[in-house]
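Notes follow the structure.
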Amino acid sequence: MIILNSKLQLSAYTDNVRNQHNSIGFVPTMGALHSGHISLVDMAKYQCDKVVCSIFVNPTQFNDLNDLKNYPRTIEVDCQMLEKAGCDAVFIPDVQEMYSTQELELKKQGVEDKSWTEGKDIDFGIIGRVMEGAHRPGHFNGVAQIVSKLFRLVKPDKAYFGQKDFQQLAIIRSMVKQLDMKVEIISCPIIREKNGLAMSSRNERLTPLERERAAIISQTLFQVKELQKQKNITELKDFAENFIKTEPLIQLEYFEISNSETLEPVINYPQANKSAVACIAVKLGGVRLIDNILLY
Ligand code: PAF
């Protein structure tokens, strides 16, 4: 596996791959890799000739400085895992490589100059305003900013994202459409720990007890799916909110049932011919966790 640290090295590598008529599957990550990430690499390997990953903890998508500071960084183990999974090249830039000094300086001063880079100023409409968008101001524009930069550099045929970040997937799809990018976005299933907890790099920050108790997050979703035919929307939401409250270590941030395409809250459920997604966000011991399940 080749390790690339500069944008120049990355473009030279991907240009060369393309000149040899090979397709590129791209897996962007923030590192602290787990089996969920490796399942994306596996899918990319299956569908494309070459697999490129990136590991970059992107400061512009963190609206909470503590979260950025505490985000797990395990670069050596990450590289071993990627190599073992058969990844061909990994891009590991530092912050200065991805953002100009001017961008970083203005960010530090809290100045939002909308003209910096594409992605930063895209209006995602309702998709960007509900749930994660409402609770993490600026997060999705930060994601779009870095992912558009990475797509411009890698020019992948396909890019792979986990369905755990359901809303992020909708944002990336919208960004690709709005910026007329040629990449195909592939959504991969959520990988869960034995107790049902959705795999996430943030799980590393939970104590063993918290990790055990976190099982109630997916249990809530599984129960809601079981009950979807028997209860109306208000009853389902009440059920979920009361069920999760039985775990005193957890604070519920939101539980929402949304249209899986538009992400608008579903009011009449079930809607004819429309699928819905139940999404949840909680705090557990200072760690923010999200999960979701498709209904219908
Ligand atoms: O899902 C993530 O890990 C990040 O949001 C991404 C897509 C790598 C952008 O930094």
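We did not get these values from a lab; they are worked out from the coordinates using the rules stated. For clarity, every value in this text was computed on a predicted model and none was experimentally measured. As a convention, Cβ positions derive from the backbone with ideal geometry for all residues, glycine included, and neighbour counts pool all protein chains shown.
For the stretch 177-196, a residue qualifies if it is without any contact (Cβ under 8 Å) to a residue 40 or more places away in the chain and either touching a helix residue (DSSP H, G or I) at 6+ places or on another chain (Cβ under 8 Å) or more than 17 Å from ALA144 (Cβ to Cβ) (or both), and the qualifying residues are MET181, GLU184, ILE185, SER187, ARG192, GLU193, LYS194, ASN195, GLY196.
Note on the stretch 122-148: residues that are in contact with a helix residue (DSSP H, G or I) (Cβ under 7 Å, 6 or more places away or on another chain) and either in contact (Cβ under 8 Å) with a residue 60 or more places away in the chain or not hydroxyl-bearing (Ser, Thr, Tyr) (or both) total 15. For the stretch 41-53, the candidate set comprises residues that are more than 13 Å from the ligand (Cβ to nearest atom) and not aliphatic (A, V, I, L, M); within that set, the residue that is nearest to ILE191 (Cα to Cα) is ASP42.
Based on what the data block shows, is ARG192 basic (Lys, Arg) and away from the ligand (no atom under 13 Å from the Cβ)? Quick ask: steps written out before the conclusion?
Numbers: basic (Lys, Arg): yes; away from the ligand (no atom under 13 Å from the Cβ): yes.
Against the criterion (basic (Lys, Arg) and away from the ligand (no atom under 13 Å from the Cβ)), ARG192 qualifies.
Scan the stretch 283-294 residue by residue and report those that are surrounded by 21 or more Cβ atoms within 10 Å (Cβ to Cβ) and either of a type in the set (Gly, Ala, Ser) or more than 16 Å from the chain's Cα centre (by Cα) (or both). The answer is LEU284, and nothing else.
Could you go through the stretch 129-146 and let me know if any residue there is farther than 16 Å from GLN61 by Cα and either within 19 Å of the chain's Cα centre (by Cα) or of a type in the set (Lys, Arg) (or both). For the stretch 129-146, residues farther than 16 Å from GLN61 by Cα and either within 19 Å of the chain's Cα centre (by Cα) or of a type in the set (Lys, Arg) (or both): present. Restricting the stretch 1-40 to residues that are more than 21 Å from ILE186 (Cβ to Cβ) and β-branched (Val, Ile, Thr), the residue that is farthest from the ligand (Cβ to nearest atom) is ILE2.
What residue, of THR234, THR207, is of a type in the set (Ser, Thr, Tyr) and touching a residue at least 40 places away in the same chain (Cβ under 8 Å)?
Working: THR234 fails: touching a residue at least 40 places away in the same chain (Cβ under 8 Å).
Answer to the check: THR207.
Listed by first and then second residue, the pairs linking a residue in the stretch 62-90 that is in contact (Cβ under 8 Å) with a residue 12 or more places away in the chain and under 24 Å from ASN16 (Cα atoms) to a residue that is part of a helix (DSSP H, G or I) and aromatic (Phe, Trp, Tyr), with Cβ atoms under 9 Å apart and 6 or more places separating them unless they lie on different chains, are ASP88/TYR13; ALA89/TYR13.
Within the option set LYS177, LYS149, being more than 17 Å from HIS37 (Cα to Cα), among the basic types (Lys, Arg) and buried (at least 18 other Cβ atoms within 10 Å of the Cβ) holds for one residue only, LYS149. Filtering the stretch 134-173 to residues that are more than 9 Å from the ligand (Cβ to nearest atom), touching a strand residue (DSSP E or B) at 6+ places or on another chain (Cβ under 6 Å) and among the β-branched types (Val, Ile, Thr) leaves only VAL154.
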